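Visitor: Got a structure for you, questions after.
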Amino acid sequence: MMGMRRRWSDVGGRRFTLWWYRLVVVTFFAAASAAMASLLAAASELGARLYVGAGLVLMMAVLVRAARCATVELRDDEIVIRGLRTRRVRWSQVRDVGVTRGSSAPLIRWRVPYLELDDGSTVRADEIRSLREGTVVDEVVEEVRRRLSL
(Lines give C-alpha, C1' and ligand atoms only; values in the text may rest on other atoms or scores of the structure.)
Protein backbone atom coordinates (compact mmCIF):
# COMPACT_ATOMS: atom_id res chain seq x y z
CA MET A 1 0.00 0.00 0.00
CA MET A 2 2.58 2.47 -1.09
CA GLY A 3 1.71 6.13 -0.70
CA MET A 4 -1.15 5.46 1.70
CA ARG A 5 -1.04 6.99 5.12
CA ARG A 6 -1.09 4.59 8.05
CA ARG A 7 -3.99 4.84 10.45
CA TRP A 8 -3.42 5.07 14.20
CA SER A 9 -4.75 1.53 14.65
CA ASP A 10 -2.00 0.26 12.32
CA VAL A 11 0.76 1.89 14.34
CA GLY A 12 2.10 0.32 17.52
CA GLY A 13 1.92 3.30 19.84
CA ARG A 14 0.25 5.11 22.66
CA ARG A 15 -1.73 8.34 22.69
CA PHE A 16 -2.03 10.74 25.62
CA THR A 17 -4.73 13.43 25.44
CA LEU A 18 -5.58 16.16 27.91
CA TRP A 19 -9.33 16.34 27.33
CA TRP A 20 -10.18 19.28 29.62
CA TYR A 21 -7.62 21.49 27.86
CA ARG A 22 -8.89 20.46 24.44
CA LEU A 23 -12.47 21.23 25.53
CA VAL A 24 -11.51 24.72 26.74
CA VAL A 25 -9.66 25.56 23.52
CA VAL A 26 -12.40 24.18 21.26
CA THR A 27 -15.12 25.99 23.23
CA PHE A 28 -13.25 29.28 22.93
CA PHE A 29 -12.77 29.02 19.16
CA ALA A 30 -16.33 27.73 18.64
CA ALA A 31 -17.70 30.76 20.52
CA ALA A 32 -15.45 33.08 18.52
CA SER A 33 -16.64 31.43 15.29
CA ALA A 34 -20.26 31.88 16.33
CA ALA A 35 -19.62 35.54 17.09
CA MET A 36 -17.94 36.00 13.70
CA ALA A 37 -20.89 34.27 11.99
CA SER A 38 -23.35 36.64 13.68
CA LEU A 39 -21.20 39.62 12.63
CA LEU A 40 -21.20 38.28 9.08
CA ALA A 41 -24.99 38.02 9.10
CA ALA A 42 -25.30 41.59 10.40
CA ALA A 43 -22.79 43.14 7.96
CA SER A 44 -24.45 45.08 5.20
CA GLU A 45 -21.56 46.37 3.09
CA LEU A 46 -19.56 44.12 0.79
CA GLY A 47 -16.19 45.16 2.26
CA ALA A 48 -17.36 44.37 5.79
CA ARG A 49 -18.77 41.02 4.64
CA LEU A 50 -15.48 40.07 2.98
CA TYR A 51 -13.43 41.15 6.00
CA VAL A 52 -15.65 39.32 8.52
CA GLY A 53 -15.99 36.32 6.18
CA ALA A 54 -12.21 35.99 5.96
CA GLY A 55 -12.02 36.18 9.75
CA LEU A 56 -14.68 33.47 10.04
CA VAL A 57 -12.79 31.16 7.68
CA LEU A 58 -9.60 31.70 9.69
CA MET A 59 -11.43 31.07 12.97
CA MET A 60 -12.97 27.86 11.62
CA ALA A 61 -9.54 26.65 10.46
CA VAL A 62 -8.15 27.22 13.95
CA LEU A 63 -11.20 25.45 15.41
CA VAL A 64 -10.45 22.36 13.33
CA ARG A 65 -6.81 22.41 14.52
CA ALA A 66 -7.94 22.94 18.12
CA ALA A 67 -10.09 19.82 17.93
CA ARG A 68 -6.87 17.78 17.61
CA CYS A 69 -4.73 19.67 20.13
CA ALA A 70 -3.42 18.61 23.54
CA THR A 71 -2.21 15.20 22.38
CA VAL A 72 1.11 13.38 22.49
CA GLU A 73 1.36 10.27 20.31
CA LEU A 74 4.21 7.84 20.90
CA ARG A 75 4.57 5.93 17.65
CA ASP A 76 7.08 3.29 16.67
CA ASP A 77 9.25 5.71 14.71
CA GLU A 78 8.43 9.15 16.13
CA ILE A 79 6.79 11.25 18.82
CA VAL A 80 4.00 13.52 17.57
CA ILE A 81 3.08 16.52 19.76
CA ARG A 82 -0.19 18.06 18.64
CA GLY A 83 -1.05 21.57 19.73
CA LEU A 84 -2.30 24.30 17.47
CA ARG A 85 0.95 23.38 15.71
CA THR A 86 2.07 19.77 15.17
CA ARG A 87 5.65 18.84 15.97
CA ARG A 88 7.25 15.52 15.05
CA VAL A 89 10.41 14.23 16.71
CA ARG A 90 12.13 11.01 15.67
CA TRP A 91 13.07 8.68 18.52
CA SER A 92 16.69 8.77 17.39
CA GLN A 93 16.79 12.53 18.13
CA VAL A 94 15.60 12.22 21.78
CA ARG A 95 18.37 12.26 24.38
CA ASP A 96 16.33 12.82 27.56
CA VAL A 97 12.83 13.57 28.82
CA GLY A 98 11.58 15.34 31.90
CA VAL A 99 9.12 17.78 33.43
CA THR A 100 9.54 21.54 33.34
CA ARG A 101 7.49 24.65 33.90
CA GLY A 102 5.15 25.44 31.02
CA SER A 103 4.62 28.72 29.22
CA SER A 104 1.55 30.32 30.70
CA ALA A 105 0.53 33.05 33.06
CA PRO A 106 3.52 33.75 35.35
CA LEU A 107 1.63 32.94 38.55
CA ILE A 108 0.40 29.50 37.41
CA ARG A 109 3.03 26.80 37.87
CA TRP A 110 1.99 24.38 35.12
CA ARG A 111 4.06 21.22 34.78
CA VAL A 112 4.66 20.11 31.18
CA PRO A 113 6.75 17.32 29.63
CA TYR A 114 9.80 18.23 27.57
CA LEU A 115 12.12 16.34 25.25
CA GLU A 116 15.82 17.14 25.14
CA LEU A 117 17.15 16.51 21.64
CA ASP A 118 20.59 15.37 20.58
CA ASP A 119 21.40 18.85 19.21
CA GLY A 120 20.88 20.35 22.70
CA SER A 121 17.49 21.95 21.97
CA THR A 122 14.31 21.16 23.87
CA VAL A 123 10.76 20.58 22.70
CA ARG A 124 7.98 21.17 25.21
CA ALA A 125 4.49 19.72 25.01
CA ASP A 126 2.88 22.86 26.47
CA GLU A 127 -0.67 21.65 25.86
CA ILE A 128 -0.16 18.58 28.08
CA ARG A 129 -0.15 20.28 31.46
CA SER A 130 -1.00 19.77 35.08
CA LEU A 131 -0.52 21.48 38.41
CA ARG A 132 -0.12 18.21 40.34
CA GLU A 133 2.14 15.19 40.21
CA GLY A 134 0.87 11.76 39.22
CA THR A 135 -1.06 12.97 36.16
CA VAL A 136 -0.88 12.59 32.40
CA VAL A 137 2.32 14.69 32.41
CA ASP A 138 4.08 12.03 34.47
CA GLU A 139 2.56 9.23 32.37
CA VAL A 140 4.03 10.74 29.20
CA VAL A 141 7.47 11.12 30.81
CA GLU A 142 7.39 7.57 32.20
CA GLU A 143 6.41 6.02 28.87
CA VAL A 144 9.03 7.98 26.92
CA ARG A 145 11.72 6.99 29.45
CA ARG A 146 10.61 3.37 29.19
CA ARG A 147 10.89 3.44 25.40
CA LEU A 148 14.26 5.19 25.49
CA SER A 149 15.65 2.46 27.73
CA LEU A 150 14.64 -0.34 25.32
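Visitor: Going by the structure shown, is V112 of a type outside the set (S, T, N, Q), surrounded by 18 or more Cβ atoms within 10 Å (Cβ to Cβ), touching a Ser or Thr at 6+ places or on another chain (Cβ under 7 Å) and assigned to a strand (DSSP E or B)?
Guide: On the way: of a type outside the set (S, T, N, Q): yes; surrounded by 18 or more Cβ atoms within 10 Å (Cβ to Cβ): yes; touching a Ser or Thr at 6+ places or on another chain (Cβ under 7 Å): yes; assigned to a strand (DSSP E or B): yes.
The answer is yes for V112.
Visitor: Moving to a separate point now. Take the residues of segment 99-109 that are of a type in the set (S, T, Y) and in a loop (DSSP other than H, G, I, E, B): which is modelled with the highest pLDDT?
Guide: S103
Visitor: Here is a follow-up. Which one of A67, A61 is under 20 Å from V26 (Cα atoms), free of Cβ contacts under 8 Å to residues at least 12 places away in the same chain and under 18 Å from the mean Cα position of the chain (by Cα)? Before you say what the answer is, go through the steps one by one.
Guide: Numbers: A67 fails: free of Cβ contacts under 8 Å to residues at least 12 places away in the same chain.
Among A67, A61, only A61 is under 20 Å from V26 (Cα atoms), free of Cβ contacts under 8 Å to residues at least 12 places away in the same chain and under 18 Å from the mean Cα position of the chain (by Cα).
Visitor: Continuing with the same structure: Looking only at segment 115-139, count how many residues are surrounded by 15 or more Cβ atoms within 10 Å (Cβ to Cβ) and of a type in the set (S, T, Y).
Guide: Selection size over segment 115-139: 1.
Visitor: Kindly indicate which of V62, V80 is closer than 29 Å to W110 by Cβ, not in a helix (DSSP H, G or I) and not hydroxyl-bearing (S, T, Y).
Guide: V80
Visitor: Can you name the residue in segment 102-126 that is touching a residue at least 40 places away in the same chain (Cβ under 8 Å) and closer than 17 Å to R14 by Cα and, of all such residues, is farthest from the chain's Cα centre (by Cα)?
Guide: That would be P113.
Visitor: Could you count how many residues in segment 119-150 are within 15 Å of I79 (Cα to Cα), assigned to a loop (DSSP other than H, G, I, E, B) and either modelled with pLDDT of 95 or more or β-branched (V, I, T) (or both)?
Guide: Qualifying residue count, segment 119-150: 1.
The values are calculated or read from the model by the stated rules, or taken from the named source; none is laboratory data. Here the structure is a predicted model, which is why all the values come from computation and not from measurement. Note that each Cβ is placed from the backbone with ideal geometry, even for glycine, and that neighbours are counted across all protein chains shown.
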